[in-house]
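The values are calculated or read from the model by the stated rules, or taken from the named source; none is laboratory data. This structure is a prediction, so every number in the text was calculated from the model and none was measured. Every residue, glycine among them, receives a Cβ derived from its backbone with ideal geometry; neighbour counts consider all protein chains shown. Just the protein is used for accessible areas: all its heavy atoms, side chains included, with ligands, DNA and RNA removed. Shrake-Rupley method; radii C 1.70, N 1.55, O 1.52, S 1.80 Å.
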Amino acid sequence: MEIEHNPRLTSVEISHIWNAYMNDSQSACVLKYFMNCTEDPNVKEVVQFGLNICETHLKKLKVLFEKEKFPIPIGFNENEDVDVHAPRIFSDSYILNYMRDFAAIGMNTYGTALGFVAREDVYEYFSTCFAETNKLHRIAKNLMLEKGTYVRGPYIQPPEKSEYVKKQSFLTGWFGERRPLTAMEIASIYANIQRNVLGASTMIAFSQIAKSKEVKNYTMRGKQIASKHLEVFNSILNEDNLPTPMSWASEVTNSTAYVFSDKLIMYHTAALISVSLGHYGIALAGSMRRDLSTHFIRLSSEILKYSEDGANLMIDNGWLEQPPRATDRDALGDG
């Protein structure tokens with residue numbers, strides 16, 4: 001049976017391609033700024049590698065959009081959304097950690113796309129993207145290890161033997177004696193601490209460089225939310241005498257000069273929220289202690305409200321680009 005390699009793009013494929021273009025156009029602006037303010041030559045090489053990936057992706061995606069007679073998204077560009085020559089707002093250590101996290105998010109995003117796209121050329125595109133971001137992640141992580149800035153997850157002692165759970169108290173959380181965290185629960189909490197630590201410092205920087213009062217207030221609110229979530233997660237690890245990752249707030253300078261447009265700041269913040277929600281969902285699925293499940297549900301609800309407020313702010317300012325959507329048949333009927 002012969003496989004049709006290039007049928008029409010499905011809604012799933014269009015969604016992943018559209019999102020990929022938006023993310024890469026935003027990332028290209030950020031990385032061009034990083035290229036001009038990074039001082040460490042080794043970190044600059046990592047940024048350059050990431051920028052090359054973004055620019056290659058954008059060229060390929062534009063060709064695909066044109067081939068399919070699909071409008072190219074507005075996205076972001078160097079002329080309107082970034083001053084690449086602005087004073088540095090982030091240290092080289094922050095930038096390197098950002099690149100590692102940026103690559104990790106890319107692997108998750110492209111891995112998800114691979115699970116759903118079917119057209120051969122689209123599948124090959126996302127396969128290449130995954131391999132590229134995997135390489136970027138390895139390079140950034142190894143450089144952090146070399147510089148001593150990569151903090152490994154907590155260690156635990158291996159159990160004496162494998163065994164089944166025997167008591168319902170394994171699920172206890174709020175009442176009664178809580179059992180120690182499982183390795184899976186530690187991993188989820190630790191990963192969410194890492195993301196909130198980076199997110200909090202990013203929101204501090206954004207609040208300093210945002211121009212409108214609304215965006216300043218919104219990003220400061222994001223910093224407060226991330227800090228509160230960190231307190232919750234840190235307290236859970238501390239209860240089991242497990243170490244927590246360090247803060248990156250000191251890696252933000254006191255510059256208030258323009259760097260990114262408020263539109264880019266809001267899109268970037270929305271992207272971080274989306275990633276957090278995804279990881280909270282994964283953590284919820286892997287947490288068997290009742291108190292942990294309750295925490296993740298409650299914290300997810302808080303950032304969902306924060307996300308909605310951000311979307312409304314973007315709509316009010318004309319910054320929220322409409323993604324592709326299904327035809328409104330009712331409107332056609334009314335016409």
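Within the stretch 177-214, how many residues turn out to be more than 16 Å from Ala249 (Cα to Cα) and touching an Asp or Glu at 6+ places or on another chain (Cβ under 9 Å)?
8
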If you take the residues in the stretch 11-26 that are open to solvent by 40 Å² or more (accessible area, probe 1.4 Å) and over 17 Å from the mean Cα position of the chain (by Cα), which one is farthest from Ile105 (Cα to Cα)? Ser11
Any idea which residue in the stretch 117-147 is most open to solvent (accessible area, probe 1.4 Å), counting only those that are of a type in the set (Phe, Trp, Tyr) and over 19 Å from the mean Cα position of the chain (by Cα)? Tyr123
Counting only residues that are of a type outside the set (A, V, I, L, M, F, W, C) and within 25 Å of the chain's Cα centre (by Cα), which one in the stretch 148-168 is most open to solvent (accessible area, probe 1.4 Å)? Arg152
From the list Lys69, Lys44, Lys60, Lys32, pick out the single residue that is of a type outside the set (Val, Ile, Thr), free of Cβ contacts under 8 Å to residues at least 12 places away in the same chain, assigned to a helix (DSSP H, G or I) and open to solvent by 10 Å² or more (accessible area, probe 1.4 Å). Lys44
Met246 being open to solvent by 50 Å² or more (accessible area, probe 1.4 Å) and out of contact with any Phe, Trp or Tyr (no Cβ under 8 Å at 6 or more places or on another chain): yes
If I filter the stretch 268-287 for residues that are outside any helix (DSSP H, G or I), surrounded by 16 or more Cβ atoms within 10 Å (Cβ to Cβ) and out of contact with any Phe, Trp or Tyr (no Cβ under 6 Å at 6 or more places or on another chain), do I get at least one hit? yes
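Looking only at the stretch 214-225, decide whether some residue is among the aliphatic types (A, V, I, L, M), surrounded by 20 or more Cβ atoms within 10 Å (Cβ to Cβ) and either under 19 Å from Ala257 (Cβ atoms) or at pLDDT 95 or above (or both).
So far as the stretch 214-225 goes, yes, one or more of its residues are among the aliphatic types (A, V, I, L, M), surrounded by 20 or more Cβ atoms within 10 Å (Cβ to Cβ) and either under 19 Å from Ala257 (Cβ atoms) or at pLDDT 95 or above (or both).
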Could you list, ordered by first residue, the pairs with Cβ atoms under 6 Å in which the first is in the stretch 123-151 and basic (Lys, Arg) and the second is open to solvent by less than 60 Å² (accessible area, probe 1.4 Å), at least 6 apart or interchain? Lys141/Arg100
Among the candidates Glu177, Glu185, Glu163, single out the residue that is among the charged types (D, E, K, R), over 21 Å from Asn23 (Cβ atoms) and in a helix (DSSP H, G or I). Glu185
Test result for Lys32, farther than 21 Å from Phe116 by Cα and at pLDDT 95 or above: yes
Checking Phe49, Phe90 in turn, the sole residue that is aromatic (Phe, Trp, Tyr), farther than 19 Å from Glu321 by Cβ, surrounded by fewer than 19 Cβ atoms within 10 Å (Cβ to Cβ) and in contact (Cβ under 8 Å) with a residue 24 or more places away in the chain turns out to be Phe49
Within the stretch 105-127, identify whether any single residue is outside any helix (DSSP H, G or I), in contact with a Pro (Cβ under 9 Å, 6 or more places away or on another chain) and of a type outside the set (Lys, Arg), and answer yes or no. yes
